[in-house]
C-alpha cells in the first residue's frame, strides 16, 4: 500500500470492479463546473442569501442612499439596475462587517489559547524547551511574530476586551503594549495626529495610533527620532548616489532641486549659528 493510500476498510467496496451500464453520450448532461469558495461565480451565487440575511439593515439604509449624490459613472455603468446594485453593495458591506467582527473575536480567543499554552508550559509535552521554540517550530517564523503580539491581548481584562474589540485586532495589539493605566488614559483623550488636528483612538488610523503608542512607550521618541535624522539622511543620499542609473531623469532633476533648496536653508542656519 502506498503512503497516501487509504486502508481498504475505509471503503469496503474498494478494489471491486462494478459493471456499469453503457450510456449514450448524447443523453448524458455534462456536470456544471464546480464552484470554488473564492470566485466571482461563488460570490454571485451567495448574494441572494446575503441580501436575505441583512434585509432589515438594507431596508433601513436604502432611504439614506436616495439622498446621496451618486457619481455619474455609477449611473452610466448600472443604469436602470442601479437600485439592485445598491442593495448588492449594502448586503456585501454588512456581510463583511459581520465577518470582520467575528474574526476579531476569533483572534482574541487565539490569544487566550496561546497564553494558556505558555503559562501552563504545555509546550514541554510536545518536546520544546521554550514557548518561543514551540511557536517558531510548530507554526512558522512569520506566524510567531504575529502570534507573539496577538498574545498580549489575553492580558487585558474582560471589560477592556469589550471596549477595545470594536476597534479591531490590529489596534488591540497596539494598545495591548501599554500597561493598564496607560490603556485607560489613551481611551479618554484626544491626541494631535496632524497640525491642528486631534483625534481619539476610535477615529485614528493604525499608523496614527502607532505613533501615539510609541510616544507612550518612549516619551523621548521624538527626541531620539530627530537625533537619528542626520545619519538616516546621509544613508539615503549614499543610496541615491549608488543607484542614479535606476531613476528616471525627471525624478533626479526634481530631487536635485529639492536637495539644493534644503542645503541653502541648512547653510543659512549654520551661518547664523
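Quick note: the coordinates plus some simple rules give every number you see, no bench work behind them. All of these numbers come straight from a predicted model, not from anything done at the bench. Cβ coordinates were reconstructed from backbone atoms using ideal geometry, including for glycine residues, and neighbour counts include every protein chain displayed.
Rounded, prolate or oblate, given the Cα gyration tensor of segment 78-155, with a/c below 1.5 counting as rounded? Prolate. A Förster radius of 30 Å, combined with the Cβ-Cβ distance separating residue 162 from residue 65, puts the computed FRET efficiency at roughly 0.40. In this simple spin-label model, placing a label point 7 Å from the Cα along the Cα-to-Cβ direction at both residue 194 and residue 259 gives a separation of 2.9 nm.
Based on the reciprocal of the average 1/r between different C-alpha atoms, the Kirkwood radius for segment 156-204 equals 11.4 Å.
Using 0.36 nm per residue and subtracting the Cα-Cα separation, the extra length available between residue 119 and residue 74 on full extension is 10.7 nm. Counting every alpha-carbon pair across segment 122-202, the share separated by more than 20 Å comes to 47%. Ordering 68-74, 92-98 by mean Cβ neighbour count within 10 Å, with the highest value first, yields 92-98, 68-74.
Judged by the mean number of other Cβ atoms found within 10 Å, the most tightly packed of the peptides 193-201, 246-254, 83-91 leads the ranking 83-91, 193-201, 246-254. Ordering 43, 104, 229 by the number of other Cβ atoms within 10 Å of each residue's own Cβ, fewest first, gives 229, 43, 104. Take 75-82, 130-137 and order them by the average number of nearby Cβ atoms within 10 Å per residue, most first; the result is 130-137, 75-82.
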